[in-house]
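Quick notes on the structure that follows.
Each value in this text was obtained by applying a stated rule to the coordinates, not by laboratory testing. Just so we're clear, the structure is a prediction, and the values are computed from it rather than from any experiment. All Cβ positions, even for glycine, are placed from backbone atoms using ideal geometry, and neighbour counts span all protein chains on display.
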Amino acid sequence: MITTAHDESALHILEHTGKVFGYQVGKTEVETLYVNEDHRRKGYGTALLEAVMYRAFREGVAVFEVEVHEPTSLAFWRAQGFSANKNNTDSKRIIVRKVLDFDHETNGTSPEHHVIISFFEEDVMERAKMLVFPLKVYTVSGRFVDDQTLQLSQRVVGLNCWIPPNQDLVLCIQVDGEEIYFHKAKLPKARELGVQVDRDGRGYFIDKLNVREEQFSLRA
């Protein structure tokens with residue numbers, strides 16, 4: 001699809017036979033995204049966008065946001081899986097957002113483990129979990145890449161915007177039916193398990209769990 005792509009720091013160019021027909025500015029964000037009108041609706045804009053999102057994904061960005069200056073371009077962003085910030089749709093400044101919960105490769109010969117990670121509002125700590133509806137539930141698989149690292153098949157993301165400003169996000173982590181964590185996502189114990197803070201502070205994400213394989217080997 002892309003004949004030539006030049007990556008010069010924050011400038012990414014599409015060209016063919018020496019002629020530039022598209023570009024994207026921003027190493028892990030979209031400052032500008034442009035494709036020549038003659039080359040639109042051919043997947044070039046999507047290719048540029050996917051490339052920058054995967055760069056951001058690798059740099060620890062869990063929530064990808066773009067400021068849209070032309071309301072007429074919202075159809076493009078929505079087609080790419082973005083949603084518009086409802087608080088800004090009536091203003092000149094429109095923010096679109098996409099959660100980068102992309103899949104991971106989990107190739108290997110080790111057994112697969114069943115992982116369920118749920119996010120809750122803070123008041124779940126004062127009530128029984130079964131009486132509180134989770135904000136988001138991820139059901140993924142995982143494989144041990146060494147005896148202390150369980151690589152998940154998908155990035156798991158929890159957003160701070162799901163909860164009131166005066167609350168903390170709570171998560172519950174289960175591996176093969178065993179609950180290994182149920183508490184606030186911001187605690188040091190969560191960091192030890194592999195919970196990371198989004199680079200821009202919009203939430204938390206998990207790519208892998210730091211647990212011992214022997215703890216679950218008899219259950220596999």
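About the Cα centre of the chain, what is the dipole size in debye to 20, counting +1 per Lys and Arg Cβ and -1 per Asp and Glu Cβ, all else neutral?
Numbers: 27 positive and 33 negative charges, 97 e Å.
Computed about the Cα centre, the dipole is about 460 debye.
Packing, taken as the mean count of other beta carbons within 10 Å per residue, orders the peptides 198-205, 134-141 from highest to lowest as 198-205, 134-141. Considering only 66, 81, 95, the residue lying farthest towards the positive end of the dipole of the stretch 4-99 is 81, judged by Cα position with unit charges set on Cβ.
Restricting to DSSP H runs of at least four residues, report the calculated mean residue ellipticity at 222 nm for the chain, -39500 (n - 2.57) per run over all residues, nearest 500 deg cm²/dmol. Please report the intermediate quantities before stating the final value.
Values: 4 runs with 31 residues, N = 220.
Taking each H run of at least 4 residues, the total per residue is -3500 deg cm²/dmol.
Applying the Karplus relation 6.51 cos²θ - 1.76 cosθ + 1.60 with θ = phi - 60° to the stretch 148-165 yields 3J(HN,Hα) values of 9, 9, 9, 7, 7, 6, 8, 5, 9, 10, x, 9, 5, 5, 6, 10, x, x Hz, where x marks Gly and Pro. Say the dipole of the chain comes from +1 at the beta carbon of Lys and Arg and -1 at that of Asp and Glu; which of 17, 116, 187 then lies farthest toward its positive end? Farthest along the dipole direction, towards plus: 17. What label, among (1) 11.8; (2) 13.7; (3) 15.0, belongs to mean projected area of the Cα convex hull in nm² computed from the structure on display? It is the one labelled (3). In order along the stretch 57-71, the phi-based Karplus estimate (6.51 cos²θ - 1.76 cosθ + 1.60, θ = phi - 60°) of 3J(HN,Hα) comes to 4, 5, 8, x, 8, 9, 10, 9, 10, 9, 8, 9, 9, 10, x Hz; Gly and Pro are listed as x. Karplus-based coupling profile of the stretch 184-195, in residue order and whole Hz: 5, 6, 8, 6, x, 4, 5, 4, 4, 6, x, 6, with θ = phi - 60° in 6.51 cos²θ - 1.76 cosθ + 1.60 and x standing for Gly or Pro. Check which residues have an amide H placed less than 5 Å from residue 185's amide H, if you skip close sequence neighbours. Long-range HN contacts for residue 185: 169, 170, 171.
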